[in-house]
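Asker: Structure provided below as structure tokens; questions to follow.
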Amino acid sequence: MNLTLRIWRQPGPDAPGEMTVYQVGGITEDMSFLEMLDILNEELILRGDQPVAFDHDCREGICGACSMVINGRPHGPERTTTCQLHMRHFTDGDTIDVEPWRSAAFPVIKDLVVDRSAFDRIIGAGGYITAPTGSAPDAHAVPVPKEAADRAFEHAECIGCGACVAACPNGSAMLFTAAKVVHLNLLPQGAPERRSRVRSMVAAMDSEGFGGCTNTGECATACPKGIGLDAIGTLNREFLRAR
Amino acid sequence: MSIQVSSNQGYEHYTVGAPIADTKAPDGPIEERWDRRRFEAKLVNPANRRGRTVIVVGTGLAGGAAGATLAEQGYRVVQFCFQDSPRRAHSIAAQGGINAAKNYRNDGDSIRRLFYDTVKGGDFRARESNVHRLAQVSVEIIDQCVAQGVPFAREYGGLLDTRSFGGVQVSRTFYARGQTGQQLLLGAYQALSRQIAAGNVELHARTEMLDLVVVDGRARGIVARDLVTGKLETHLADAVVLATGGYGNVFYLSTNAKNSNATAIWRAHRRGAYFANPCFTQIHPTCIPRSGDHQSKLTLMSESLRNDGRIWVPKAAGDTRPPNAIPEAERDYYLERMYPSFGNLVPRDIASRAAKAVCDEGRGVGPGGQGVYLDFADAIARLGRDTVAERYGNLFDMYQRITAEDPYQVPMRIYPAIHYTMGGLWVDYDLQTTIPGLFAIGEANFSDHGANRLGASALMQGLADGYFVLPPTLNDYLARTPAVPLTPDHPEVEAVATEAADRLAALLAVNGDRTPDSFHRELGELLWDECGMARSAAGLRKALERIPELRAEFWRRLKVPGTGEELNQSLEKANRLVDYFELAELMCLDALHRAESCGGHFRVESQTPDGEAARRDEEFGYSAAWEFNPSGPPVLHREELVFDHVHPTQRSYA
Ligand SMILES: Cc1cc2nc3c(=O)[nH]c(=O)nc-3n(C[C@H](O)[C@H](O)[C@H](O)COP(=O)(O)OP(=O)(O)OC[C@H]3O[C@@H](n4cnc5c(N)ncnc54)[C@H](O)[C@@H]3O)c2cc1C
Ligand code: SF4
Ligand code: FES
């Protein structure tokens, strides 16, 4: 198929950016979205232009690196990551808009690459269980009910991609933060730091410049890992308890 | 002595140097060696640790665990990864699970059995002392991870669930659905994040190590490039740890993350670290086949599918009917036919070679004839669709997303792909390379898996190295090595920085007409053909001739747009390729010199009468540690392997 791409090009953090139009041909259904961009980039290099910069690594939907707003939706039309989106979801002749995550807390570095280090700092503020190496009791010393373990796992599945922030009209990081709080606060091992964790993580979230949550629910719709709004409910309850 | 192995303008031959006499493994009963080593290790006074700096390159399971642990012990850690966050290291993608000799099932597992399985699975090409220690330490890993909040799968009673994996007879694999690597890595990442926030670890994300600084014979730092600004930085330390992962991406197409690369270990090799068994690479039998020339990477489908799926191809070559139109009598369930007792569950290397063989006969299926069927029709008839969905539903979904085919209706197509590299930097019992002060952990070293790695053992090794083995041995090194001040203007430091800058400038200056990826694909295809699943002397010689030609063309025709002073992903790729060319050559040389078959290394000249891999212990019962020689061919140092505990036998699965 032949496609028209309108891609956000921005040479550097402080440079102005703009949507630039490109044509690509010879795209097949089996290609992933990133493979389609690979083809464009190979052509751009041979023309002496700069290829479009984008973050990616695993291309399996697990590392959380890939991050594009496609036709106005973070990760595009399917509920998956950009790297796991395939071209069979597009048709010959389509025009596709490709933009970076847009959020004050995720400044653009170049083209489609943004700085998400604010997420790392939220984790550093309390998204862990203090368990220095060598201090652990036997793994079976504390049984964990299966329901709690399963629910913790489902929230630990967050890949830290930031689509929730990009989708939110306020640029809120509530879903990301909530996923980690639910994961750790549900486990008996996480109980001793339960209150300090939620307080510190919420404070870090606020100081990083993420917006407030007004329950629009866009985050959960965009999340490729299916983290649900119930996580935010739990976060709010944990936060109230911790005050 | 000089040995002629090929006649071309690249490596003409190699020379043989002194054998490796001392691996630093303590002697005495194997069960007591690790305790002894730790007892004899010197300690650094806690008050003095802040004054000692350790560089850790890599934030995967090995590096993440090591960085967090060393910082907890009080060292000043400076850590690097090329991703935007430590959480995205390639370890995140591991699916199946992690082994540990917990024997929670009471099914006869023990440290000794895990040790035995690993030595045998490695086809008797690993060092017994190291493997035994790995088995011992495995027990502590699970405790550590549970304490960190890793949500392993649990049973209704609240205790940990396990599964069995890859041809062993006990159930010792702990897992978190199909995302074990993710959950283990997040545990390590969170521990590391705590140390970063506390100011004990200085993290440099989006920063790539380009070279190693060696001063007065000791590793003292690295030269790294800030991938955002393009600035070259020199970082100095008292010791350097490489936790930079494997080199499977030398093949271009592999199951590794796209940016995984060999630059850190290869540059260290060029500075004096021996590289061991580079030809020991693992090919995984169950990956989704490539769908065309645009293919950028290959996706693994968990090996567990072989428990219920049946593998077949049409009996007749060139049969293009759709699978469901091929009657039972015209199908060849070739693994069941060739290996009646193991059937579809033969080890990874055997399943992979058999798939290649039937495709070479023209019986492969799908685009380009590079695929075989993995059929669940019988399993669905026997167990019902629901049970099959419960066991493999997420894998079926992933397959369908990528191929748009429904595995409940039509058989999956699979083909082998490069997955893991057993070779790596040679390390002694302390995980120290041949450069004092340079340590290598995780997939970056060659340590524990011999010629073939068992499923679920890489995660175990990465975490064993990072949490439990490296911290005490590094402590010992620092305690015995006085702190010597060093500044970036030292001539040896400046020379390394200049060399790195010159290389980038040279890449930008070529300004030819071929992209970095086009060269990488060509190199990868050559390696896959000649140094992949089956290797022959003639094919390896051909590759050894072709690689230098391709490299020369690279330096003539490469095109890298942009400058070095900005985020430039083409420059990153080109710079990694320079090292891949050299590594590829050493892999082929190693494969050529090792005229035996063992584990993942199959030399067509060395087969048993029934076509299985024939090991030649008398001649090749050693690890091959290669020394870089700037002015001539590589130098081979043999580490003879001694098996006092597990008696070498020839594998048989017929
Ligand atoms: C698809 C897949 C599934 C797997 N499943 C399993 C499984 O179920 N069980 C199992 O045991 N094993 C599995 N493996 C193998 C296992 O995942 C890896 O061997 C292991 O995770 C490697 O960990 P590591 O810490 O050594 O390196 P990695 O996780 O590869 O980390 C390397 C780190 O080094 C950094 N780095 C590298 N080079 C540089 C440089 N020059 N400068 C700066 N930083 C650098 C990277 O940024 C990264 O942080 C699987 C592998 C794949 C590909
Ligand atoms: S909550 Fe979902 S959308 Fe947000 S970072 Fe995690 S995986 Fe991405
Ligand atoms: S590239 Fe890793 S999730 Fe998309």
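Asker: Tell me, which residue of segment B:567-613 that is at pLDDT 95 or above and acidic (Asp, Glu) is most open to solvent (accessible area, probe 1.4 Å)?
Answerer: Here the answer is B:Glu605.
Asker: Please count how many residues of segment B:182-198 are touching a residue at least 40 places away in the same chain (Cβ under 8 Å) and within 16 Å of ligand 2 (Cβ to nearest atom).
Answerer: Summing the residues that are touching a residue at least 40 places away in the same chain (Cβ under 8 Å) and within 16 Å of ligand 2 (Cβ to nearest atom) in segment B:182-198 gives 6.
Asker: Kindly indicate whether any position in segment B:199-212 is free of Cβ contacts under 8 Å to residues at least 60 places away in the same chain and small (Gly, Ala, Ser).
Answerer: The answer is yes; a qualifying residue exists.
For (1) more than 7 Å from chain A (Cβ to nearest Cβ); (2) modelled with pLDDT of 95 or more; (3) within 21 Å of the chain's Cα centre (by Cα), each residue gets a yes or a no:
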position: B:Leu159; (1), (2), (3): no, yes, no
position: B:Gln183; (1), (2), (3): no, yes, yes
position: B:Leu186; (1), (2), (3): no, yes, yes
position: B:Tyr189; (1), (2), (3): yes, yes, yes
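Asker: Identify all residues within segment B:298-316 that are at pLDDT below 95 and either part of a helix (DSSP H, G or I) or touching a Lys or Arg at 6+ places or on another chain (Cβ under 6 Å) (or both); write none if there are none.
Answerer: Within segment B:298-316, B:Glu303, B:Ser304, B:Leu305, B:Arg306, B:Asn307 qualify.
Asker: Of the residues B:Val77, B:Val139, only one is outside the structural domain of B:Leu567 (by TED's automatic domain parsing) and under 30 Å from B:Asn307 (Cα atoms); which?
Answerer: Criteria check complete, one pass: B:Val139.
Asker: Same structure, new question: Would you be able to say whether some residue in segment B:200-207 is in a loop (DSSP other than H, G, I, E, B), open to solvent by 10 Å² or more (accessible area, probe 1.4 Å) and in contact with a helix residue (DSSP H, G or I) (Cβ under 6 Å, 6 or more places away or on another chain)?
Answerer: For segment B:200-207, residues in a loop (DSSP other than H, G, I, E, B), open to solvent by 10 Å² or more (accessible area, probe 1.4 Å) and in contact with a helix residue (DSSP H, G or I) (Cβ under 6 Å, 6 or more places away or on another chain): present.
Asker: Out of all the residues in segment B:305-330, which are in contact (Cβ under 8 Å) with a residue 24 or more places away in the chain and open to solvent by less than 50 Å² (accessible area, probe 1.4 Å)?
Answerer: B:Leu305, B:Arg306, B:Asp308, B:Gly309, B:Ile311, B:Trp312, B:Val313, B:Pro314, B:Asp319, B:Pro323
Asker: So A:Val198 passes all but one of these: (1) out of contact with any Cys (no Cβ under 7 Å at 6 or more places or on another chain); (2) away from every other protein chain (no Cβ under 11 Å); (3) at pLDDT 95 or above; (4) open to solvent by 40 Å² or more (accessible area, probe 1.4 Å). Which condition number does it fail?
Answerer: (4)
Asker: Another question about this same structure. Would you mind stating whether B:Ala191 is within 27 Å of A:Ile129 (Cβ to Cβ), of a type outside the set (Ser, Thr, Tyr), in contact with a Phe, Trp or Tyr (Cβ under 9 Å, 6 or more places away or on another chain) and within 16 Å of ligand 3 (Cβ to nearest atom)?
Answerer: The answer is no for B:Ala191.
Asker: Quick one: B:Val388 ticks every box in (1) in a helix (DSSP H, G or I); (2) at pLDDT 95 or above; (3) open to solvent by less than 10 Å² (accessible area, probe 1.4 Å) bar one, so which box is it?
Answerer: (2)
Asker: Whether any residue in segment A:158-169 is free of Cβ contacts under 8 Å to residues at least 40 places away in the same chain and crowded, with 20+ Cβ neighbours inside 10 Å is what I want to check.
Answerer: There is no residue in segment A:158-169 that is free of Cβ contacts under 8 Å to residues at least 40 places away in the same chain and crowded, with 20+ Cβ neighbours inside 10 Å.
Asker: Follow-up question, since we're still on this one. Taking segment B:161-180 only, how many residues are more than 10 Å from chain A (Cβ to nearest Cβ) and open to solvent by 10 Å² or more (accessible area, probe 1.4 Å)?
Answerer: Summing the residues that are more than 10 Å from chain A (Cβ to nearest Cβ) and open to solvent by 10 Å² or more (accessible area, probe 1.4 Å) in segment B:161-180 gives 10.
Asker: Can you tell which of B:Gln73, B:Gln136, B:Gln95 is within 16 Å of B:Leu459 (Cβ to Cβ), open to solvent by 20 Å² or more (accessible area, probe 1.4 Å) and touching a residue at least 60 places away in the same chain (Cβ under 8 Å)?
Answerer: After ruling out the rest, the residue left standing is B:Gln95.
Asker: Being surrounded by fewer than 21 Cβ atoms within 10 Å (Cβ to Cβ) and in contact (Cβ under 8 Å) with a residue 40 or more places away in the chain is the requirement here; does B:Gly632 meet it?
Answerer: Against the criterion (surrounded by fewer than 21 Cβ atoms within 10 Å (Cβ to Cβ) and in contact (Cβ under 8 Å) with a residue 40 or more places away in the chain), B:Gly632 qualifies.
Asker: Which of the residues belonging to segment A:203-243 are among the charged types (D, E, K, R) and either within 13 Å of ligand 2 (Cβ to nearest atom) or touching a strand residue (DSSP E or B) at 6+ places or on another chain (Cβ under 8 Å) (or both)?
Answerer: A:Glu218, A:Lys225, A:Asp230 - these are the residues of segment A:203-243 that are among the charged types (D, E, K, R) and either within 13 Å of ligand 2 (Cβ to nearest atom) or touching a strand residue (DSSP E or B) at 6+ places or on another chain (Cβ under 8 Å) (or both).
The values are calculated or read from the model by the stated rules, or taken from the named source; none is laboratory data. This is a predicted model, so every value here is computed, not measured. Cβ: placed from backbone, ideal geometry, glycine included. Neighbour counts: every protein chain shown. The protein model used for the area step is the full one, side chains on, heavy atoms only, and it has no ligands, DNA or RNA in it. Shrake-Rupley method; radii C 1.70, N 1.55, O 1.52, S 1.80 Å.
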